[in-house]
1. Working out 0.36 nm times the residue gap between Thr249 and Thr147, then minus their Cα-Cα distance, what length gain in nm do you get to one decimal?
2. Find which of Ala54, Ala162, Leu177 sits farthest along the positive direction of the dipole of the chain, computed with +1 on the beta-carbon of Lys and Arg, -1 on that of Asp and Glu, about the Cα centre.
3. Ala125 to Asp26: extension gain in nm, 0.36 nm per residue of separation minus the Cα-Cα distance?
4. DSSP loop GluC sites (Glu not before Pro) in segment 236-295 with at most 16 other Cβ atoms within 10 Å of their Cβ, which ones?
5. Just Tyr331, Tyr205, Tyr323 to compare: in a GNM of the chain, with alpha carbon springs under 10 Å, which one fluctuates most?
6. What list of ³J(HN,Hα) couplings, whole Hz, do you get for segment 250-257 from phi and the Karplus terms 6.51, -1.76, 1.60, once you set θ to phi - 60° and write x for glycine and proline?
7. At R0 = 41 Å, how high is the FRET efficiency between Arg11 and Glu316 if r is their beta carbon distance? Nearest 0.05 is fine.
8. If the elastic network links every pair of Cα atoms under 10 Å, which of Ser183, Ser88, Ser266 fluctuates the most in the Gaussian network model of the chain?
Amino acid sequence: MALVDGETIGRRIADARARAHLTQADLAREAGLDRSALAKIEVGTRRVTALELARIAEQTGESFEWFVTDPAPAILSYRLGADSGTTSPIDRLVERVAGNIELLQSLQMLDVGEFQPVDRPEDVAQAVSLAARARIMLGLDATGPVTDLVNPMADLGLFAFAQDLGADAPDAATTLLEHGGVSVVNSNRAVGRRRLSLAHEFGHYLIADEYTVDWRVGVWTDASRTEWLIDSFARAFLLPTESVRQRWTELKTRESLREAAVRIASEYRVDMSTLATRLSDLGLADKDELTVIRSTKTTRADIIEHDLIVARDMEETTLPRRYEKAVLALYRSERISAEKALELSLGTINEGGLPVLLPVNENEIWKFVS
């Protein structure tokens, strides 16, 4: 991450202030500045001190690093190609967590190695084949449900974060980094859709799409062929062909259509729309059956009577475990402050939840100065 000049910092302060709906007078007062001083900072004719910038960051809700460093090249490229200079909440979160990942990588806490992108699928058969290959790449069972998406993907270099961005925000977004990548999933969605969204973003990562924002995961048509094929990949990744074919046939022989759908959707942790589309892909249900499945709602009674799994993937704000461990390791070694550890944790931990740092023995001091 390259440092930026004073004029760029000034523009970013003005942008952050506008997004926070603050006037220059409001922000100047909260940051302990004269309004005229802030005006000069915003146009680049007065330098801002680190303490002043820290106060501005606190008042605008941006990280300190956002003001002073350039983001990953993929983010810069996306921003330059956008129709507007403004950014959406999901864009800002992607940029923030991408900066966090790059910081941890620079401190040698997240070595992801080199990942070789795969060829973009040209048809559904290739998308399904890639889904099977992706399971192998993640070290997962070739068949059956995938219970954990986030942590295996981190081992392959894709760090997935979730946060509630609201009903009007996109489903997910992904950007490539110099090493690895970052995905953000909108946890406002139902769990099945969140899992499908992350599987979809994983597809973008595998074929090295530089920056993507996905608004309608799971509903693409052949009119948008790449997204449609990545949707096919995501469904096949979550619902592998032979496993689903065998399990669906087994359930249909002894249970009603509704009961079979409720049970298999729970086992594979997908929503009914995704299940219905995958069954259609495989020719395992006719039009009338698909209509019933899509309209089926899993009830509390279903959960109790069938001992169903209640998936909790990517609820509220969640972070990859490998990332969380790296943050805590830096804090334990006192390479970052408590404030920085809390900032990197995106509100998932408070100061009382940080590890207690043991006092340094007086004799231990000598090993640092001798």
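What follows is calculated from the coordinates using simple rules that are stated; it is not laboratory data. On a predicted model such as this, the values are computed, not experimentally measured, just so you know. Glycine gets a Cβ as well: all are built from the backbone with ideal geometry, and neighbour counts include every protein chain shown.
1. Details: separation 102, 0.36 × 102 = 36.72 nm, distance 2.20 nm.
Full-extension gain reported as 34.5 nm.
2. Ala162
3. 29.9 nm
4. Working: sites: Glu242, Glu250, Glu255, Glu259, Glu267, Glu289; in loops: Glu255.
Those that pass, being in a loop and sparsely packed, are Glu255.
5. Tyr331
6. So the Karplus estimates, Gly and Pro as x, are 4, 5, 5, 6, 10, 9, 5, 4 Hz.
7. Numbers: r = 33 Å, r/R0 = 0.80.
Step by step, r from the Cβ atoms, then E = 0.80.
8. Looking only at Ser183, Ser88, Ser266, the largest GNM fluctuation is found for Ser88.
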